[in-house]
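Asks: This is the structure I want to talk about, given as structure tokens.
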Amino acid sequence: MTATTDGSAGPMGPPAAAASETTTDTTTDTASAATALHGTQEAGALGGAPQAGDLDEAAAKAAERSVAHLLGRQDAEGWWKGDLETNVTMDAEDLLLRQFLGILDPDTTRAAALHIRGEQREDGTWATFYGGPGELSATIEAYVALRLAGDPPDAPHMARASAWIRARGGIAEARVFTRIWLALFGWWRWDDLPELPPELVFLPSWFPLNIYDFGCWARQTIVPLTVVSAKRPVRPAPFPLDELHTDPARPNPRKPLASAASWDGFFQRVDKGLHLYRKIAPRRLRKIAMNVAARWIVERQENDGCWGGIQPPAVYSVIALHLLGYDLEHPVMRAGLESLDRFAVWREDGARMIEACQSPVWDTCLATIALADAGVRPDHPALVRAADWMLGEEIVRKGDWAVRRPGLPPGGWAFEFHNDNYPDIDDTAEVVLALRRVRHPDPARLNAAVARGTRWTLGMQSRNGAWGAFDADNTSALPNRLPFCDFGEVIDPPSADVTAHVVEMLAYEGRAQDPRTRRGLDWLLAEQEPCGAWFGRWGVNYVYGTGSVVPALTAAGLPTAHPAIRRAVAWLESVQNEDGGWGEDLRSYRERKWIGHGTSTASQTAWALIALLAAGERESDAVRRGVAWLVETQREDGSWDEPYFTGTGFPWDFSINYHLYRQVFPLTALGRYVNGEPVLHGLEGG
């Protein structure tokens, strides 16, 4: 994937227009970037590698250029947003949805196919992350999408793909989600898919495998899929797919059951029982269940028409409601389809990429932190605009999280433009840290929002003292055992990176000695790996986890000489690349040999530097080599290039390239190298 301009995707309108507006509306801020830094420095060009003794000056100039670049990408409303790149299954499923609904048009098909073809590897496959291996389900879905676009099966690129698919077992070996899409067109039998009864919505929240045992992203997908599973629709297939079966005469081979003594065997037999139940399920009960599911879906549609701000639940919700009689002109359906159009990023070459999600709140708080830590004045107009926008995004009503915390008042922030049902703890912690870096003209308003967000975050602490991303105590092991759940993580247990961000935020809020903060700190210390690193749930991987935890430990008062911090420093130094940077391949989620190893990237180098700087290692050789790598790899416009995926949706199964990570984290690291620890304003304590 070639690098793209990605400061363009706003909540409305085509990307090109948004990019144009950004350039026009931020000219003043870009020109004043030099005076924004300490009020004195001038922006200047940076050329070549820094000489010995000149690193501090080179780092300062690199920070200036990065500040100018980032200020130039701010939207007039105050937010930042980079492309959120995942894999071609998003694009393929978008075309399949439109084919299913009868609204597939030639222009969309042509643009999507252009993007999908551009992502194909030499061996005919598609990977799920840059530089990764071919992946069966992604390759099947991409192949089918290109068939929809008119690519003939005997074309060389298609023949290579189908041969590779057959060599790996064909459609029968694909994940459940892929086979569901194929079942919609009769390319797979519904009988050979796991059963998802809509009566699932009747299970109370205390009962095992109720919908609230699933993470919010899985819950929002499973509820509409229970309707699809009950209806089992089949649209006429526009072409056969015999070439993707190892045995076209027997395309749906049945697999033997696992041992009844194993969890897999147990749930396989439960699934067989559910298939039998389908034949005798009382029609009235099933109809009521589907109506309850429909009401649940409609109640969770956001103001922008989407569901949860993410593409997969939106796609399946549209299909489910359509099957229940909602025509395409119904306001719910029309808003849903319009929201899906806003996930499209149009490239200059005419290609169209679908984002799985959009990240403006996350990008904006991280950009604010980066600019402030680089020395931009706390009352700079760009930071005040960003704070105003973030304050306007505060969530003040209850969502699904209240099922487990019914008495907790609302507060906090979500990840996306519109997602009032699912604020998340990670965003809330980082937004608070960002707001505290801004000298806002209405401090009472800012303080009140921070207080609500802090109170909500504390209330979302899990029993073990740590924090998950969206829910408290979402730790049941059962959902991951279901035959249906082969697409990635479906629960939301506490993680080191989220817990670290919360502990850091609470410490800066003057709550370092709060018993709840100390419980989180103790949990983090207990989670450290023997090597000295921490696992990264939402970023790749141990470099991200360690880069998140060490600043939290020092913010909470641990001395830099603490054994946990020294072990972390030793580990980071041990995995530094020869070029001075840090990198970690996504395969580290599966193979230990990849832990801490991979091509150097701007974001991962920054995470390592942020940890080392927090540990007091500014003058170390490792830090100076890392800073030099950032300086040397910076582009002339003040940005960095990063084709590698360093964000995580589901460890290994779903990976993300946040296109703004390559800008905000290097600037944060350079800023802290040049200016020291961040300065926060208006802390209340308590």
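Asks: On a full-extension model of 0.36 nm per residue, what is the gain between Val270 and Ala258, subtracting their alpha-carbon distance, rounded to one decimal in nm?
Replies: Values: separation 12, 0.36 × 12 = 4.32 nm, distance 1.22 nm.
Between Val270 and Ala258, full extension yields an extra 3.1 nm.
Asks: If you don't mind, there's one more thing I want to ask. With label points built 7 Å along Cα→Cβ from the Cα atoms of Leu203 and Leu101, find their separation and express it in nm.
Replies: Simple spin-label model gives 3.0 nm for this pair.
Asks: For the pair Arg405 and Glu529, what calculated FRET efficiency results from E = 1/(1 + (r/R0)^6), where r is the Cβ-Cβ distance and R0 = 30 Å, to the nearest 0.05? Walk me through the numbers before you get to the answer.
Replies: Values: r = 31 Å, r/R0 = 1.02.
Here the calculated transfer efficiency is 0.45.
Asks: Here's another thing I want to ask about it. Under 29 Å from the Cα of Lys231, which lysines turn up, not counting those fewer than eight places away in the same chain?
Replies: Once the sequence-local lysines are set aside, what remains near Lys231 is Lys255, Lys272, Lys279, Lys287.
Asks: What angle, in degrees between 0 and 90 and rounded to the nearest 10, separates the Cα long axis of helix 89-101 from the longest principal axis of the Cα atoms of the chain?
Replies: The angle comes out near 40 degrees.
Asks: To the nearest 10 degrees, how steep is helix 311-323 against the longest Cα principal axis of the chain, on a 0 to 90 scale?
Replies: Taking Cα atoms only, the helix is inclined about 30 degrees.
Asks: Normalised by the number of residues in the chain, what is the relative contact order in percent for Cα pairs under 8 Å and 6+ residues apart?
Replies: On the way: 1301 pairs, mean separation 112.1, N = 686.
RCO, the chain: 16 percent.
Asks: Restricting things to alpha carbons, tell me how big the range 617-686 is in terms of Rg and Dmax, in Å.
Replies: Looking at the range 617-686, its Cα Rg and Dmax stand at 15.6, 46 Å.
Asks: On to the next question. Tabulate in residue order the Karplus-calculated ³J(HN,Hα) for the range 140-153, using 6.51 cos²θ - 1.76 cosθ + 1.60 with θ = phi - 60°, rounded to whole Hz; enter x for Gly and Pro.
Replies: So the J values, rounded to whole Hz, are 4, 5, 5, 4, 5, 4, 5, 4, 4, 7, x, 5, x, x.
Asks: What is the angle, in °, between the Cα long axis of helix 283-299 and the longest principal axis of the Cα atoms in the chain? Nearest 10 is fine, range 0 to 90.
Replies: 20
Asks: Rounded to the nearest angstrom and ordered from largest down, what semi-axes does the equivalent ellipsoid of the range 125-232 get from its C-alpha gyration tensor (root of 5λ)?
Replies: 32, 16, 11
Asks: A further question follows. Do the sum for the chain: with -39,500 (n - 2.57) for every DSSP H run of n ≥ 4, divided by all residues, what is the mean residue ellipticity at 222 nm, to the nearest 500 deg cm²/dmol?
Replies: Details: 25 runs with 318 residues, N = 686.
So the calculated ellipticity at 222 nm is -14500 deg cm²/dmol.
Asks: Please give the length that would be gained between Ala159 and Glu578 if that part of the chain were fully extended, namely 0.36 nm times their separation in residues minus their C-alpha to C-alpha distance (nm, one decimal).
Replies: 146.7 nm
Asks: Out of Leu525, His440, Val67, whose Cα points farthest toward the positive end of the dipole of the chain (charges: +1 Lys, Arg; -1 Asp, Glu; placed on Cβ)?
Replies: About the Cα centre, the residue reaching furthest to the positive side is Leu525.
Asks: Taking a cut-off of 13 Å between Cα atoms, list the aspartates and glutamates near Lys61, but don't count ones fewer than 8 places away on the same chain.
Replies: The reachable aspartates and glutamates, counting only those whose Cα sits under 13 Å from Lys61, are Glu42, Glu632, Glu636, Asp637.
Asks: Now for a separate question. So what J values fall out for the range 204-221 if you push phi through Karplus, 6.51 cos²θ - 1.76 cosθ + 1.60 with θ = phi - 60°, rounded to Hz, Gly and Pro as x?
Replies: My calculation for the range 204-221 gives x, 5, 8, 8, x, 6, 6, 5, 7, 7, 8, x, 4, 5, 6, 4, 5, 8 Hz in order.
Asks: Let me ask you something else. What is the sum of charges around Asp213, taking Lys and Arg as +1, Asp and Glu as -1, for the other residues whose C-beta is under 14 Å from the C-beta of Asp213? Please report the intermediate quantities before stating the final value.
Replies: Details: positive: Arg219, Arg404, Arg481; negative: Asp400, Asp471, Asp473, Glu489, Asp492.
Here the charged neighbours net out to -2.
Asks: Ok, one more. Given H placed on each backbone N at 1.01 Å, which residues far from Gly539 in sequence or on other chains put an amide H within less than 5 Å of it?
Replies: The list, which skips near neighbours in sequence, is Thr648.
Asks: Another question about this same structure. Which aspartates and glutamates, on any chain, are close to Lys398 with Cα under 12 Å apart, when same-chain ones fewer than 8 places away are left out?
Replies: Straight-distance partners of Lys398: Asp420.
Asks: Using every alpha carbon pair in the chain, what percent of pairs falls into each 10 Å bin from 0 up to the bin containing the largest distance?
Replies: Bins of 10 Å from zero give 3, 15, 26, 27, 18, 9, 2, 0 percent of pairs.
Asks: Could you give the nm distance between label points at Val332 and Asp473, where each point is 7 Å from its Cα heading toward the beta carbon?
Replies: Rounded to a tenth, the inter-label distance reads 3.2 nm.
Asks: Of all alpha-carbon pairs in the range 87-354, indicate the percentage at a distance above 27 angstrom. Walk me through the intermediate numbers first.
Replies: Numbers: 14751 of 35778 pairs.
Value for the range 87-354 (Cα pairs over 27 Å): 41 percent.
Asks: Something else about it: Quick one: net charge of Cys306's neighbours, Cβ under 13 Å, K/R +1, D/E -1? Intermediate values should be presented prior to the final figure.
Replies: Details: positive: Arg300, Arg334, Arg342; negative: Glu302, Asp304, Glu338, Asp341, Glu355, Glu416, Asp420.
For residues surrounding Cys306, the net value is -4.
Asks: Let me ask another. Check which residues have an amide H placed less than 5 Å from Asp424's amide H, if you skip close sequence neighbours.
Replies: Here the answer is Trp413, Ala414, Phe415, since their amide H atoms fall under 5 Å of that of Asp424.
Asks: Restricting the calculation to Cα positions, tell me the Rg (one decimal) and the Dmax (whole number) of the range 564-619 in Å.
Replies: Every Cα atom of the range 564-619 included, Rg and Dmax give 11.2, 35 Å.
Asks: With the convex hull built on the Cα atoms of the range 363-467, state its orientation-averaged projected area in nm². Mind showing how you got there, number by number?
Replies: Numbers: hull surface 26.0 nm².
Its average projected convex-hull area is 6.5 nm².
Asks: Using a simple charge model, +1 on the beta-carbon of Lys and Arg, -1 on the beta-carbon of Asp and Glu, nothing else, what dipole does the chain show about its Cα centre, in debye to the nearest 20? Working shown, then result.
Replies: On the way: 67 positive and 89 negative charges, 583 e Å.
That gives a dipole near 2800 debye.
Asks: Now, a different point. Taking the Cβ of Lys398 as the center, what net charge do the other residues with Cβ under 14 Å away carry, scoring Lys and Arg +1 and Asp and Glu -1?
Replies: Details: positive: Arg300, Arg397, Arg404, Arg405, Arg452, Arg455; negative: Glu299, Glu394, Asp400, Asp420, Asp471.
Around Lys398, the surrounding residues sum to +1.
Asks: May I pose another question? Assuming R0 = 30 Å, what is the FRET efficiency of Asp242 and Asp341, from their Cβ-Cβ distance, to the nearest 0.05?
Replies: Values: r = 34 Å, r/R0 = 1.12.
E(calc), rounded to 0.05, equals 0.35.
Asks: Let me ask you something else. Place a point 7 Å from the Cα of Val679 along the Cα-to-Cβ direction; which residues of the range 358-400 have their backbone N under 13 Å from it?
Replies: Of the residues in the range 358-400, 372-380 have backbone N under 13 Å from the label point off Val679.
Asks: Using the Karplus curve 6.51 cos²θ - 1.76 cosθ + 1.60 with θ = phi - 60°, work out ³J(HN,Hα) for each residue of the range 253-262 in order, rounded to whole Hz, and write x for Gly and Pro.
Replies: Whole-Hz 3J(HN,Hα) from phi for the range 253-262: x, 8, 9, x, 6, 6, 4, 5, 7, 9.
All of the numbers you see were taken from the coordinates with simple rules; none came from a lab. All of these numbers come straight from a predicted model, not from anything done at the bench. Using ideal geometry, Cβ is built from the backbone for each residue, glycine included, and neighbour counts are taken over all protein chains shown.
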